[in-house]
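Read through the structure below, which is laid out as structure tokens, and then see the notes.
The values are calculated or read from the model by the stated rules, or taken from the named source; none is laboratory data. Just so we're clear, the structure is a prediction, and the values are computed from it rather than from any experiment. A quick note on method: Cβ atoms are made from the backbone with ideal geometry, for glycine too, and the neighbour counts reach across all protein chains shown. To get the accessible areas, we keep the full protein, side chains included, count just its heavy atoms, and leave off ligands, DNA and RNA. Shrake-Rupley method; radii C 1.70, N 1.55, O 1.52, S 1.80 Å.
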Amino acid sequence: MSPIELNKRQDAILQIVKENGPITGEHIAERLGLTRATLRPDLAILTMAGFLDARPRVGYFYAGKKSTAAFTESMLNLKVKDFQSVPVVVSEEMTIYEAIIHMFSEDVGTLFVVDKNEMLQGVLSRKDLLRSSIGTQDLNKMPVHIIMTRMPNIAYCLKSDSLVNTAKVLIEREIDSVPVVEETEQGLIITGRLTKTSITRAFISLAETHDL
Ligand code: ADP
């Protein structure tokens, strides 16, 4: 389940209930110039998601903050696929010099390295590139596969993985990102990346959904 996003009408309903609750469905509909029937699905969603409480013959209340249990549940339901970003991939034959330029021009902190068949072979971090550039090696000649962290030591995730588990991997391995991959017989195909920024974005969306 992705975090609940309210549409404009649901936002308007919440606002009315916040200001006027308890208020009946009829009255909410009247204020919006709509029929009660039109509002039924929105009211159901808002009630199910815990934003509103309904009491028979009294009407709708604003439920305020959701329970800790609901918060925990929506956190566990966050999936990698909803927060992943676009991966930046380079060939293992690219020189270290070119990789440094590429990292700047693509504005990322990690490059993923693939072989001729586009299968994941390695990872290059900012410090991997910095470290190699303070040595005496010829950055214009040396390919990145010499310095990259390589398979099978690459931590990765699947798009269906939970965000919380992937966040744990980032912390335990002390890394900034993991490639999101599809596992095939030929190897791992990179379809995205999950970074510390992705996790921060998820954290904010969780807070917003729960009206914190
Ligand atoms: P930096 O090195 O710039 O601090 P990271 O903390 O992401 O950035 O990387 C630390 C080390 O871990 C680097 O040597 C990098 O190659 C390696 N690394 C980064 N991401 C992964 C990953 N997903 N799997 C395995 N190793 C990784």
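Could you check the range 109-156 and list, in sequence order, the residues that are among the small types (Gly, Ala, Ser) and within 11 Å of the ligand (Cβ to nearest atom)?
GLY109, GLY122, SER125, SER132, ALA155
Could you grab the pairs with beta carbons closer than 6 Å, sequence gap of 6+ or different chains, first residue in the range 35-58 and on the phi > 0 side of the Ramachandran plot, second one at pLDDT below 85?
From the range 35-58, the pairs are GLY50/ALA63; GLY50/LYS66; GLY50/ALA70.
Which condition from (1) over 30 Å from SER74 (Cα atoms); (2) open to solvent by less than 20 Å² (accessible area, probe 1.4 Å); (3) modelled with pLDDT of 95 or more is the one that SER177 breaks?
Single failed check for SER177: (1).
Could you list, in sequence order, the residues of the range 13-51 that are among the small types (Gly, Ala, Ser) and surrounded by 15 or more Cβ atoms within 10 Å (Cβ to Cβ)? Talk me through it step by step, then tell me what you get.
Restricting attention to the range 13-51, the residues satisfying the condition of being among the small types (Gly, Ala, Ser) are 21, 25, 29, 33, 37, 44, 49-50.
Of everything in the range 13-51, those that are among the small types (Gly, Ala, Ser) and surrounded by 15 or more Cβ atoms within 10 Å (Cβ to Cβ) turn out to be GLY21, GLY25, ALA29, ALA49, GLY50.
Table: residues versus (1) open to solvent by 50 Å² or more (accessible area, probe 1.4 Å); (2) touching a Cys at 6+ places or on another chain (Cβ under 7 Å); (3) under 25 Å from GLY192 (Cβ atoms).
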site	(1), (2), (3)
GLU73	yes, no, yes
LEU78	no, no, yes
PHE83	no, no, yes
VAL86	yes, no, yes
GLU92	no, no, yes
TYR97	yes, no, no
GLU106	yes, no, yes
LEU120	no, no, yes
LYS127	yes, no, yes
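Show me the strands (runs of 3 or more DSSP E) entirely contained within the range 23-131 in which 3 or more residues are touching a helix residue (DSSP H, G or I) at 6+ places or on another chain (Cβ under 8 Å) and within 19 Å of MET148 (Cα to Cα).
On the way: elements: 52-55, 59-62, 89-91, 110-114, 120-125.
In the range 23-131, 110-114, 120-125 are the strands (runs of 3 or more DSSP E) which contain 3 or more residues that are touching a helix residue (DSSP H, G or I) at 6+ places or on another chain (Cβ under 8 Å) and within 19 Å of MET148 (Cα to Cα).
Pairs, please: C-beta under 8 Å, at least 6 apart or cross-chain, first residue over 22 Å from VAL114 (Cβ atoms) and in the range 183-203, second open to solvent by 50 Å² or more (accessible area, probe 1.4 Å) and of a type outside the set (Lys, Arg)?
Filtered contacts from the range 183-203: LYS196/ASP176; ALA202/ASP82.
For ASN165, only one of the following conditions fails: (1) away from the ligand (no atom under 11 Å from the Cβ); (2) open to solvent by less than 70 Å² (accessible area, probe 1.4 Å). What is its number?
The one condition ASN165 does not meet is (2).
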